[in-house]
Amino acid sequence: MISASKDPKNPLTIAMIGVSKNLTKPSTIVMKYMKSYGYKVIPVNPRAKGEMILGEKVFGKLDEIKKKIDIVNVFRPSKEAVEIAKDAVKIGAKVLWLQLGVSSIEAKEIVESNNIEYIENRCTKMEYQKKFLKKTQSFPVLVNR
């Protein structure tokens, strides 16, 4: 499960696959949120390679990133999860995290057989809120007070 880095000079790094240039898309909202809590988030989107999203350079593929990746966070269809799982193994990621609505038995088998933690059908933003902020809403500002 995700954890907050105790060392602000060495935050956990998330490679976020499928981040959009559209700031209203869930992937970009989650990226912004996780960055605000001290995570280093690297966007991966072949269509936006070389551009900037939320101040971060966009990479086309995981293996182009030269920094150590702790979490591979996936905002792509389930059918793409197997190839992403193979890439996560190649780069030595610690966690393969498939967002809400994304799952793959084969991807799970690939990463778990390589001692990589597998999480599916969960949102990193919502899980962070539950674990560290003790909030269960995805958009707490909408709660009636």
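Listed values, structure above:
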| item | result |
| --- | --- |
| Verdict on LYS57 being surrounded by fewer than 17 Cβ atoms within 10 Å (Cβ to Cβ), within 14 Å of the chain's Cα centre (by Cα) and free of Cβ contacts under 8 Å to residues at least 24 places away in the same chain | no |
| Single residue of LYS40, LYS35, LYS108, LYS67 found to be loosely packed, with under 15 Cβ neighbours inside 10 Å and touching a strand residue (DSSP E or B) at 6+ places or on another chain (Cβ under 8 Å) | LYS67 |
| Restricting region 80-105 to residues that are within 21 Å of LYS125 (Cβ to Cβ) and among the β-branched types (Val, Ile, Thr), the residue that is surrounded by the most Cβ atoms within 10 Å (Cβ to Cβ) | ILE84 |
| Residues satisfying the stated conditions in region 101-135, i.e. farther than 19 Å from LYS35 by Cα and assigned to a loop (DSSP other than H, G, I, E, B) | GLY101, VAL102, SER103, SER104, SER113, ASN114, ASN115, ILE116, GLU120, ASN121 |
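One line per residue, one yes/no per condition, for (1) modelled with pLDDT under 95; (2) within 20 Å of SER27 (Cβ to Cβ):
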position: ILE65; (1), (2): no, yes
position: ASP70; (1), (2): no, yes
position: ALA85; (1), (2): no, yes
position: ILE105; (1), (2): no, no
position: VAL111; (1), (2): no, no
position: ILE116; (1), (2): no, no
position: LYS130; (1), (2): yes, yes
position: LEU133; (1), (2): yes, no
position: GLN137; (1), (2): yes, yes
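The values are calculated or read from the model by the stated rules, or taken from the named source; none is laboratory data. All figures in this text were calculated on a predicted structure; none of them were measured in a lab. Backbone-built Cβ (ideal geometry, glycine too); neighbour counts: all protein chains shown.
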